[in-house]
Every structure is written in structure tokens, then in C-alpha cells.
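Structure, as C-alpha cells:
No lab work stands behind these numbers, since they all come straight from the coordinates. Keep in mind the model is a prediction, meaning the values are calculated, not measured. When we count neighbours, we look across all protein chains shown, and the Cβ atoms used for this are built from the backbone with ideal geometry, even at glycine.
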Amino acid sequence: MTEPPVSTSDIERVFREEYGRAVAVLVRHFGDIDTAEEAVQDAFMTAVQRWPSTGLPPSPAGWIITTARNRAIDRFRRDASRDERHAQSVRLQLDQIQRTRQQTNEPDEGDAVQDDRLRLMFTCCHPALAPAAQVALTLRLLGGLTTAEIARAFLVPESTMAQRLVRAKGKIRDARIPYRVPGANDLPHRTRAVLAAIYLIFNEGYTASTGERLVRDDLCAEAIRLGRLVASLVPDDPEAIGLLALMLLIEARRAARVTPEGGLVLLASQDRGLWNRGLIDEGQALVRECLRRNRPGPYQIQAAINAVHSDAERAEATDWRQILQLYDQWMAIAPSPIVALNRAVALSEIAGAEQALALIDGLALEHYYLFHAIRADLLKRLGRSREAAVAYDAAIARTNNAAERAFLQRARDSVRPHERF
Amino acid sequence: MKQYLLSVYQPEGDPPPPDELNAIMQRVHALQAELKAAGVWVFSGGLHAPSTATVVRVKDGDVITTDGPYVEGKEHIGGFTIIEAPDLDAALEWGRKAARAITLPIEVRPFRDQH
């Protein structure tokens with residue numbers, strides 16, 4: 001019997017799936033991110049050379065972790081023999097590693113690894129790091145994306161992203177940001193920060209804030225993968241499940257949301273036959289799980305709202321009363337002008353555009369393009385075309401996404417086709 | 001153990017009225033006692049206004065002396081405390097206590113390790 005040959009794409013898949021796990025374990029052993037990353041990259045280089053002839057090892061992740069650890073220890077020994085002054089601290093470090101291995105009895109599989117990844121995630125999303133840095137670190141260390149890939153996804157030059165990562169890793173090292181799952185007191189708000197970073201990744205993928213393409217699929221897929229990971233790592237937090245459900249339900253509509261030409265299609269006009277039923281079923285099951293737990297939070301409520309939309313076979317069949325109730329619940333636990341704006345949209349479907357317009361005119365959202373876009377739509381529905389056109393112009397001036405701008409421009413042209421202000 | 005500098009970001013302008021200032025100073029003394037009792041205190045000090053500062057610097061081989069702070073800003077360091085803490089989370093916890101006591105922003109910054 002011969003093993004199937006190992007291709008480059010097999011190794012790439014293992015890299016993508018196991019990089020985060022391996023880095024997390026190595027960070028625990030060596031206490032340093034750069035050492036861990038170098039060692040894991042060394043191990044994958046070795047894998048690229050060996051696996052095509054030896055075949056995949058029975059546990060690729062275990063092989064990578066063991067090889068990476070040996071590489072790092074070799075490197076320490078080499079450094080130590082070059083520099084006698086350094087040697088003592090290296091010996092101490094190696095002793096420490098031995099002790100950790102004995103104490104934890106080779107915990108490279110199972111729960112301990114889960115804990116390693118969770119610890120690293122809390123480090124990446126530490127509130128002392130800027131959100132952009134949190135997102136970049138999470139994608140790099142846990143997602144295994146290269147610096148070039150992250151830079152491309154966020155439309156910044158690779159050197160800028162490299163600098164952002166170096167700076168963040170430098171702060172973790174120099175300010176000694178700990179690798180630790182926060183204590184019970186801090187856990188809820190620290191988990192919130194992790195979820196926020198993942199949702200930021202998802203949103204950046206879903207509605208690229210600048211550029212031509214409306215959806216950058218890779219980031220959405222990566223955010224969902226990280227969302228699954230967090231939901232499994234903090235099973236007691238229903239918000240983690242809520243976030244996963246929310247992302248799945250939004251992702252389910254991807255094929256219907258963009259025309260073949262890249263134009264934006266609003267929820268009400270989407271071809272619901274294009275929705276991904278598998279993702280909807282999974283998202284709805286998670287929403288039911290959240291309801292059973294009965295500890296609502298913003299992500300769970302947003303997921304529930306999207307679950308209601310997913311239930312309607314036609315836009316006209318949408319249960320707006322239930323959606324309005326969910327917005328009321330959201331306003332009760334976490335009121336904000338943006339929630340009020342979205343609640344007004346639901347209200348307009350039940351009580352009419354006039355009432356909704358009166359509600360949103362008091363909101364302090366002058367800088368937010370959706371505020372103007374929603375106002376424009378309500379004005380259009382009330383036949384106030386001139387005001388609607390002004391509001392569309394205000395919305396267009398406040399978004400850089402090409403697909404959204406094109407959509408708003410079409411809507412604006414439909415209210416005042418021949419007039420410019 | 002690592003050392004962290006906790007510095008107070010003070011806006012320019014007059015200090016708060018005496019009653020308020022007294023209450024702040026009482027809280028600052030209490031916090032200092034707490035830092036000492038916890039064994040983390042290394043050093044603290046409050047500074048006079050930036051208008052009392054003098055700058056000396058080397059220019060063309062000479063050392064020249066000028067009046068006033070090196071950089072004029074809307075904020076200056078009004079005082080600082082050096083503490084020892086095992087990691088940033090512990091240092092930030094003291095930083096939060098200091099911010100609540102002083103009611104001004106506190107910058108928490110690690111010292112370089114000594115070699």
C-alpha cells in the first residue's frame with residue numbers, strides 16, 4: 001500500500017489550520033512571540049522538504065510542534081555556544097521548558113492546547129493594543145495569514161502592516177502584556193474585546209470600507225473560523241455563540257447581496273433562492289441555543305434579528321413586529337444612536353415612514369453615511385424627492401466603498417434624474 | 001518584576017479650587033500608602049509648573065541654557081510614580097486607581113530592563 005503523495009496545497013492547508021495552534025503552544029514554552037513564530041516557520045520549511053517523500057505524519061500538528069520546539073532549542077544552544085555570557089540565561093530557559101513539559105505532561109494535545117490558543121487570543125486582543133493592531137495580530141498569529149495577505153486585505157502597503165505588527169509585538173514584549181486567560185472579574189469585558197476584533201475582521205471583509213469589491217471573502221471566512229474557535233474556547237459566554245450565529249446568517253446572503261457586475265442588492269430586493277440554507281440552518285440553531293440560555297446581549301439580538309429575516313421566504317413576509325421587539329430589547333440593554341436608527345427602519349415598516357423620520361431626525365449621526373442613506377429612503381417614500389436627493393448626496397459624500405457609492409448614486413438619480421444641487 | 005512609570009497628564013491652566021485639590025491630595029496620599037503597603041512603590045514626586053523649567057542643551061560644542069520647557073504643549077507631566085509589577089495588567093490596575101484618585105489621565109509605560 002502506498003501513501004498518497006503530499007502536495008504543496010496539503011502542506012498549505014496544514015499550515016493554515018495548525019499555525020495558530022503551534023504558535024500558541026510555542027509561546028507558552030518560550031514566552032516570546034518572535035521565537036515561537038520563527039520556530040514554527042522553520043518547522044514548516046522542514047515539512048515542505050520532507051513530507052513529499054515521507055508522506056503526512058499521523059499527527060501533522062504534533063509533528064510541527066515537536067519539530068518547532070526542537071528547532072528553537074537548537075537555536076538557543078547555538079546562540080549560547082557563541083556567547084558565553086548568554087549561556088547561563090539560556091540554560092535557565094531550557095530548564096524552565098523541561099519543567100513545564102514535566103509539569104504539564106506533554107500537553108500538546110487536547111485541553112492544554114485549547115487554553116494556549118485562548119491565552120494567545122486574549123494577548124492579541126489586549127485593550128492596551130489599538131483595535132487595528134489587535135485585528136492584525138489575531139489574523140497573523142491565530143489565523144496564520146502572512147503579513148502580505150493581511151496588508152492586501154486591509155488595503156495598506158505591506159511595509160505599513162509589517163511595521164504595525166512589529167510595533168504591537170514589541171509592545172507585548174516590552175510592556176509585558178501577559179499570556180493569560182483573565183480572571184473571572186475581567187473575563188466578560190476582555191471576551192467582548194476578542195469578539196469585537198473578530199467582528200471587525202468580518203465587517204472589513206463584508207463591506208470593505210474602501211475599494212472596488214464589496215465583499216472580500218477571505219476575511220469573512222477567516223472571521224467565521226475564528227468565531228467558531230472562540231465559541232468553542234469560551235463555551236459559557238452566549239455572546240460568543242451569538243456572534244458566530246450573526247456572522248453565519250449574514251454570510252448566508254453573500255451570493256444574493258452582489259450582482260454579477262459587483263453592484264449592491266438590498267435585503268428587500270435579494271433573490272432569496274440564492275441564500276445558503278446550510279449556513280442559515282446552522283445560524284438559526286445557534287440562535288435557538290442562545291434563547292435557551294436566556295442571557296441576551298447585542299450579538300445574540302443581532303443574530304436573532306437576522307434569523308427573523310432568514311425565516312421570510314419573500315421580503316413582504318418579514319415579521320417586522322418581531323424585529324421591532326428585538327430592537328426594543330437591544331435599546332433596553334445597550335442603547336445607542338445606531339441601534340435607534342436601525343430600530344426606526346423596522347418601525348417604518350409597521351407605522352410608516354413619517355413616524356420613523358421624526359425619530360431619526362433627532363439622532364446625532366451626522367457623520368454616518370447610513371444615517372443619510374436611510375433618511376433619503378424615508379424621504380423618498382414620503383414623496384419628498386428634493387430633500388431625498390440632498391440626503392443621498394450627503395450619504396455619497398460619506399462612504400468610500402465603490403459599490404455602495406454606485407448604489408446610492410442610482411437611488412439618487414431615480415428621485416431627481418435631471419437635477420444636480 | 002518589571003518597573004513601570006505612571007505619569008500624570010496635567011492640562012495647562014489653573015489648578016482646581018482648594019477644596020477639590022485637598023480631596024485629590026488626600027486620595028493621592030492614601031494611594032501612596034497603599035502602594036507602599038503592597039510593596040510595589042519605588043518612587044513618586046509631584047512637579048512644579050512647566051514655567052519653572054530650564055533646558056540645557058549642546059549646540060556647536062557649547063552647552064546653552066534656556067528658560068522654559070523643552071516643548072510647549074497643552075498637557076505636561078504633573079507628577080509621576082514608579083512602581084514594580086509582574087506584568088502590564090498589574091501595572092494598569094494601579095494606573096486605574098491613580099486615575100480615579102487624581103481624576104487626570106495616567107500614562108503607564110514600562111522601563112527598559114536593566115542589563
Could you tell me the relative contact order of chain B? Use alpha-carbon pairs under 8 Å, at least six residues apart, and round to a whole percent. 49
Based solely on its DSSP helices, what 222 nm [θ] is calculated for the protein assembly as shown when runs of n ≥ 4 H residues each add -39,500 (n - 2.57) and the sum is averaged over all residues, nearest 500 deg cm²/dmol? -20000 deg cm²/dmol
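Quick one: order A:Cys290, A:Cys124 by neighbouring beta-carbon count within 10 Å, fewest to most. Don't skip to the end; give the middle numbers.
Details: A:Cys290 23, A:Cys124 26.
The most exposed by this proxy come first: A:Cys290, A:Cys124.
What's the longest piece of chain A with no exposed GluC sites (Glu not before Pro), counting a site as exposed if DSSP puts it in a loop and it has at most 15 other beta carbons within 10 Å? List each step's numbers first, then the result.
Working: sites that count: A:Glu109, A:Glu212, A:Glu261, A:Glu313, A:Glu366, A:Glu419.
That gives A:1-108 as the longest site-free run.
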Sites matching chymotrypsin sites (Phe, Trp or Tyr not before Pro) across the stretch B:47-115 that sit in DSSP coil, with at most 16 neighbouring C-beta atoms within 10 Å: B:Tyr70, B:Phe111
Reachable lysines, given that their alpha-carbon falls under 19 Å from the alpha-carbon of A:Lys169 and they are not under 8 places away in the same chain: B:Lys2
Calculate one ³J(HN,Hα) per residue across the stretch A:294-303 by plugging θ = phi - 60° into the Karplus curve 6.51 cos²θ - 1.76 cosθ + 1.60, and present them in order as whole Hz with x for glycine and proline. 6, 10, x, x, x, 5, 5, 5, 4, 4
Rule-of-thumb check for chain A: C-alpha Rg over 2.2 N^0.38 Å? 1.15
Dipole magnitude (debye, nearest 20) for the stretch B:2-110, charges at Cβ of Lys, Arg, Asp, Glu: 300
Give me, ordered by chain and number, the residues 5 or more places off A:Arg180 or on other chains with an amide H under 5 Å from its own placed amide H. A:Thr123
If you keep only loop residues by DSSP, which GluC sites (Glu not before Pro) in the stretch B:1-54 have at most 13 other Cβ atoms within 10 Å of their Cβ? B:Glu12
Quantify how strongly other chains surround peptide A:126-137 by giving the mean number of their Cβ atoms within 10 Å of each of its Cβ atoms. 1
Amide H of A:Val258 versus every other amide H placed in the peptide plane: which residues, excluding those fewer than 5 positions away on the same chain, fall under 5 Å? A:Val265
Please work out, to two decimal places, the log10 of the ratio I(q)/I(0) at q = 0.12, 0.18, 0.19 Å⁻¹ from a Debye calculation in which every Cα of the stretch A:111-236 carries one identical scatterer. -0.43, -0.95, -1.05
The helix B:18-37 Cα axis meets the longest alpha-carbon principal axis of chain B at an angle in degrees, between 0 and 90 and rounded to 10, of 70
Could you state the number of Å between the C-alpha centres of the stretch A:147-169 and the stretch B:40-98? 33
Span from the the stretch A:267-303 Cα centroid across to the the stretch A:1-67 one, whole angstrom: 36
Taking Cα atoms, the helix A:158-174 axis meets the longest principal axis of chain A at an angle in degrees (rounded to 10) of 60
Suppose a student asked you for the relative contact order of chain A, using Cα pairs under 8 Å spaced at least 6 residues apart; what percent would you report? 10
Filtering trypsin sites (Lys or Arg not before Pro) in the stretch A:225-316 by DSSP loop and by at most 15 other Cβ atoms within 10 Å leaves A:Arg314
Estimated dipole of the protein assembly as shown in Debye, rounded to 20 [Cβ of Lys and Arg +1, of Asp and Glu -1, Cα centre]: 200
Only Lys, Arg (+1) and Asp, Glu (-1) charged, at Cβ; the stretch A:237-326 dipole about Cα centre in debye: 140
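How many Cβ atoms of partner chains, on average, are near each residue of A:165-176 if near means within 10 Å of its Cβ? Spell out each step's value before the answer.
Working: counts 0, 0, 0, 0, 0, 0, 2, 1, 1, 7, 9, 12.
Taking all residues of A:165-176 together, the mean is 3.
Sort A:Met247, A:Met45 by Cβ crowding within 10 Å, fewest neighbours at the top.
Listed from fewest to most nearby Cβ atoms, that is A:Met45, A:Met247.
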